[in-house]
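Trainee: Sharing a structure with you now.
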Amino acid sequence: MPNLPYTTLICTADLQTLLASGKPCKVFDCSFDLMQPDAGTAQYAQAHIPGAVYAHLDTALSAKGDRTTTHAASGGRHPLPARAAFAAWLGSIGFDNTMQAVVYDRNGGNYCGRLWWMIKWAGHDAVAVLDADGAARPAVGA
């Protein structure tokens with residue numbers, strides 16, 4: 001495993017090695033379904049990478065309920081939260097700047113790609129999408 005942080009993709013074997021190494025790492029499950037907003041939460045409850053945190057599109061990755069310009073960084077169906085609000089959420093789940101972040105979903109990378117970008121937007125480069133044999137899905141430790 002390289003000493004440098006992962007900044008784009010990480011394969012299942014490298015994630016297993018990283019988790020076993022004890023190096024600071026936070027795994028995020030971003031599974032979601034626009035037509036059934038509770039489906040991702042149910043999928044997470046059913047199976048996820050051990051230790052993974054669920055990152056819900058509506059509550060963690062957007063300022064959906066807050067349309068004011070002081071709390072949302074953009075508009076649209078799922079407006080970006082303000083950077084400070086997003087940073088506060090990351091801190092509340094135990095993520096800090098010393099950690100490698102790994103993101104995945106069960107939707108071909110549709111939602112974990114948003115979190116990957118948001119973490120970089122917040123100024124943290126050590127974030128990678130789990131490429132579990134060509135499809136982002138929870139396959140580590142299961």
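The values are calculated or read from the model by the stated rules, or taken from the named source; none is laboratory data. Treat the numbers as computed from the prediction; the structure is a model and nothing was measured. All Cβ positions, even for glycine, are placed from backbone atoms using ideal geometry, and neighbour counts span all protein chains on display. In case anyone asks, the SASA skips ligands and DNA or RNA and just uses the protein heavy atoms, side chains included. Shrake-Rupley method; radii C 1.70, N 1.55, O 1.52, S 1.80 Å.
Trainee: Go through segment 75-98 and give me each residue that's open to solvent by less than 30 Å² (accessible area, probe 1.4 Å) and under 15 Å from Val53 (Cβ atoms).
Mentor: Phe86, Leu90, Phe95
Trainee: Here is a follow-up. Assuming Leu130 fulfils every condition listed in (1) at pLDDT 95 or above; (2) under 15 Å from the mean Cα position of the chain (by Cα); (3) open to solvent by 40 Å² or more (accessible area, probe 1.4 Å) apart from one, which condition is it?
Mentor: If we test Leu130 against (1) at pLDDT 95 or above; (2) under 15 Å from the mean Cα position of the chain (by Cα); (3) open to solvent by 40 Å² or more (accessible area, probe 1.4 Å), just (3) comes out false.
Trainee: All but one of (1) open to solvent by 60 Å² or more (accessible area, probe 1.4 Å); (2) at pLDDT 95 or above hold for Arg137; which doesn't?
Mentor: Just one mismatch for Arg137, condition (2).
Trainee: Pull up segment 42-66, narrow it to residues that are within 14 Å of the chain's Cα centre (by Cα) and farther than 27 Å from Ala20 by Cα, then point me to the one that is most open to solvent (accessible area, probe 1.4 Å).
Mentor: Thr59
Trainee: To continue, here is another question. Sort out which residues of segment 77-102 are assigned to a loop (DSSP other than H, G, I, E, B), modelled with pLDDT of 65 or more and of a type in the set (D, E, K, R), and write them in order of number.
Mentor: Asp96
Trainee: What tally of residues in segment 24-34 results from selecting those that are open to solvent by 10 Å² or more (accessible area, probe 1.4 Å), assigned to a loop (DSSP other than H, G, I, E, B) and either at pLDDT 95 or above or touching a Gly at 6+ places or on another chain (Cβ under 9 Å) (or both)?
Mentor: Result for segment 24-34: 2.
Trainee: Kindly establish whether Asp33 is touching a residue at least 40 places away in the same chain (Cβ under 8 Å), closer than 18 Å to Asn110 by Cα and of a type outside the set (Gly, Ala, Ser).
Mentor: In short, yes.
Trainee: Checking the structure you have, find out if any residue of segment 110-122 is under 15 Å from Thr8 (Cα atoms), modelled with pLDDT under 95, part of a loop (DSSP other than H, G, I, E, B) and open to solvent by 40 Å² or more (accessible area, probe 1.4 Å).
Mentor: Yes - at least one qualifying residue is present in segment 110-122.
Trainee: Same structure again: When residues of segment 43-58 are filtered for being out of contact with any Asp or Glu (no Cβ under 6 Å at 6 or more places or on another chain) and part of a strand (DSSP E or B), how many remain?
Mentor: 1
Trainee: Got a sec? Which of Ser62, Ser74 is touching a His at 6+ places or on another chain (Cβ under 7 Å) and modelled with pLDDT under 95?
Mentor: When all the criteria are applied, what remains is Ser62.
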